[in-house]
Amino acid sequence: MELFSRSWAALRAAVAETPDEDFGLPSGCAGWLVRDLVCHLVIDAQDVLITLVTPAAAEPTVDAVTYWNLVEPPTGEDPLDALIPRLAAAYGEPGLLKFHLDDVGSAAGRAAGLADPAARVGTRDQVLTAGDYLSAYVLEWALHHLDLIAYRPSAAEPPAETLAAARGSLEKIAGASFPASFSDKDALLVGTGRRAPSDRETAALGDLAARLPFVLG
């Protein structure tokens, strides 16, 4: 729960500090500009709010790790992927996107802080505890924070503890560990296909290199 709050607060702060002119830069999400990514975060914040007020009586079917599935790399044909850039463009001014994310995102953060970690919630036709649901999102926030600053090297990176937690989650999802020589950031970027491994990294990965990337869905 604490890591969720830290990672989400850091990501929202990074968006707030992004100059308006940088909203037209590419993000680490292939095919999306920074503004598209921020629009996606608005939808993510809405999903958090909706899920936390969707109680479930059934036994949990997934946890913080099994909530995520490994899927095929996106083809660009998903209607939602195509919708995001249109929605982002409709905002017009970056300031409006920043305001909407701050508004909805702050509410999502407050709801997370008030949630009972043991309470069961329903989302994506699955049931899990609120604590596991919020823990799963630490990986999402860490990856998207890296996406946000992918082409802005001077921007603040995600907190070290959230990068470490996100790496741990990715390794559990993949059922494999990245070499100790990989920083948490590099494990996340290379592991999810956000950048290609160097020759040295490929050698260190060994057989794991053939399994990359791990695309989450």
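Values quoted throughout were computed directly from the atomic coordinates according to the rules given, and no laboratory measurement underlies them. Bear in mind the structure is a predicted one, so any value in this text is a computation, not a measurement. Cβ atoms come from the backbone with ideal geometry, glycine included; neighbour counts cover every protein chain shown.
So what is the calculated 222 nm ellipticity per residue for the chain, using -39500 (n - 2.57) for each DSSP H run with n of 4 or more, over all residues, to the nearest 500 deg cm²/dmol?
-17500 deg cm²/dmol
Between THR54 and ALA16, with labels modelled 7 Å along Cα→Cβ, what's the label distance in nm to one decimal, could you check?
Between THR54 and ALA16, the label points sit 2.8 nm apart.
Please report how far the C-alpha centroid of region 170-199 lies from that of region 59-100, rounded to the nearest whole angstrom.
Their Cα centres are 22 Å away from one another.
What net charge do the residues around TYR151 carry, taking every other residue with its C-beta under 14 Å from that of TYR151, with Lys and Arg at +1 and Asp and Glu at -1?
So the surrounding residues net to -1.
Considering all alpha-carbon pairs of the chain, what whole percent are spaced by more than 21 angstrom?
The share of Cα pairs beyond 21 Å in the chain comes to 55 percent.
Using +1 on the beta carbon of Lys and Arg, -1 on that of Asp and Glu, and nothing else charged, what's the dipole of region 132-217 about the Cα centre, debye to 20?
With only Lys, Arg, Asp and Glu charged at Cβ, the dipole is about 160 debye.
Could you check which residue among GLU161, GLU21, GLU59 shows the biggest mean-square fluctuation in a GNM of the chain with a 10 Å Cα cutoff?
GLU21
Please name which of VAL65, HIS144, ALA164 has its Cα lying farthest along the dipole of the chain towards the positive end, using unit charges on Cβ (Lys, Arg +1; Asp, Glu -1) and the Cα centre as origin.
Of the listed residues, the answer is ALA164.
FRET efficiency for SER181 and GLU157, Cβ-Cβ distance as r, R0 = 30 Å, nearest 0.05?
After rounding, the FRET efficiency stands at 0.95.
Over the alpha-carbon set of region 124-213, work out the extent along each principal axis and list the three values in angstrom, largest first.
41, 33, 21
Packing-wise, with mean Cβ within 10 Å as the measure, how do 131-144, 24-37, 80-93, 44-57 rank, highest first?
131-144, 24-37, 44-57, 80-93
Work out the length of the dipole vector of the chain about its Cα centre, built from +1 on the beta-carbon of each Lys and Arg and -1 on the beta-carbon of each Asp and Glu, and round it to the nearest 20 debye.
160
Report the net charge of residues surrounding ALA58, where surrounding means a beta-carbon distance below 15 angstrom and charges are Lys +1, Arg +1, Asp -1, Glu -1.
Around ALA58, the charge tally is -2.
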